[in-house]
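**Q** Before I ask anything, here is the structure I am working with.
The values are calculated or read from the model by the stated rules, or taken from the named source; none is laboratory data. All figures in this text were calculated on a predicted structure; none of them were measured in a lab. Neighbour counts are summed over all protein chains in view; Cβ atoms, including those assigned to glycine, are modelled from backbone coordinates with ideal geometry. Surface areas here come from the heavy atoms of the whole protein model, side chains and all, with no ligands, DNA or RNA. Shrake-Rupley method; radii C 1.70, N 1.55, O 1.52, S 1.80 Å.
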Amino acid sequence: MLSMLPQVLIDGLTLGFMYAVVALGYTMVYGILEFINFAHGEIFMVGAFVGTEVLLITDSLGALEGMNPFVAFLITLIISMAITGLLGITIERVAYRPLRNAPRLVPLISAIGVSFLLQDLVRFTEAIARNAFILNGPQLFTGKFDLGFAQIPSKSIVIIVIAIAMMVGLSLFISKSKWGIAMRAVSQDQSTASLMTINVDKVIMLTFLIGSSLGGATGVLFAQNYGSIDPFIGFILGMKAFTAAVLGGIGNIKGAMFGGVVIGLVESLAGAYMGQLTNGAFGAEYKDVIAFSILILVLLFKPEGLFGEAVKEKV
């Protein structure tokens, strides 16, 4: 049982870092607008399809063969981040900004509507272009590193390194840059921030741009890790990333990172060992139950999350 533990932990970290990056999109939007952007999971899905299509088109043109896989991966990431970033800005401008002063339930319903719209748009597009909903893209990293006690897939190393780089970059941007300081000011009090010459609309737009770009990049990482994608991958992964954000403290950047890693490790351990620990009564398919049970427990006993603070309602 313990012989497979290193491999399970590696898989859990790989998955956890993907959850963490997607959770950043949820927590950034909530920190400023105080509503959950449930379309964020579908933005992640769009990023996965854009990245896969870029690789498929490049491969069909014969340009992928002989190209350095890191160069191909970097190009794919940039294109996917650019498209999903623009998509995030468009969604904010069309579906959320007109509802900014509406009751909170209204933008929430709008987010759910955008989520279904993106799913159907991708299904419609892929049905025309590929005559299929499920895509299997080229795998750029297929080797393994043998450490003796475990074999680490090269794609896992790439995913973890890229995810950590994005999280560190975002953390530095929020804490050190002029726009990052403006984002923190708007999250504290939009009215006061606007009186201090901060353009609130631009800050909110930048928040969606960054969060959506990170979500799209994570979609590329997901496609490289699992190989197969479909228009519905954003729902479950998005819900787990939301669980990670709640666990760490919704609105807390570092909390979202920590929550994502924890959810990934717990899910990986549950998938590997639950069947053995329960004598087959519960199999690996119950790993999702564990993740959402964590969400319920956190909401019941510590709704502000592990790193969040209980705050009074803004008036």
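Listed here are the residues, each with its yes/no results for (1) in a helix (DSSP H, G or I); (2) modelled with pLDDT of 95 or more; (3) open to solvent by 10 Å² or more (accessible area, probe 1.4 Å).
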{"residue": "9", "(1), (2), (3)": "yes, no, yes"}
{"residue": "12", "(1), (2), (3)": "yes, no, no"}
{"residue": "17", "(1), (2), (3)": "yes, no, yes"}
{"residue": "22", "(1), (2), (3)": "yes, no, no"}
{"residue": "25", "(1), (2), (3)": "yes, no, no"}
{"residue": "31", "(1), (2), (3)": "yes, no, yes"}
{"residue": "35", "(1), (2), (3)": "no, no, yes"}
{"residue": "46", "(1), (2), (3)": "yes, yes, yes"}
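**Q** Could you say whether any residue in the stretch 127-142 is closer than 16 Å to residue 39 by Cβ and open to solvent by less than 40 Å² (accessible area, probe 1.4 Å)?
**A** no
**Q** Something else about it: Which condition breaks for residue 82 when tested against (1) crowded, with 17+ Cβ neighbours inside 10 Å; (2) part of a helix (DSSP H, G or I); (3) touching a residue at least 60 places away in the same chain (Cβ under 8 Å)?
**A** (1)
**Q** Then there is this: Taking helices (runs of 4 or more DSSP H) that fall entirely within the stretch 172-286, which contain at least 2 residues that are buried (at least 20 other Cβ atoms within 10 Å of the Cβ) and of a type in the set (Ser, Thr, Tyr)?
**A** Where helices (runs of 4 or more DSSP H) fall fully within the stretch 172-286 and carry at least 2 residues being buried (at least 20 other Cβ atoms within 10 Å of the Cβ) and of a type in the set (Ser, Thr, Tyr), they are 200-226.
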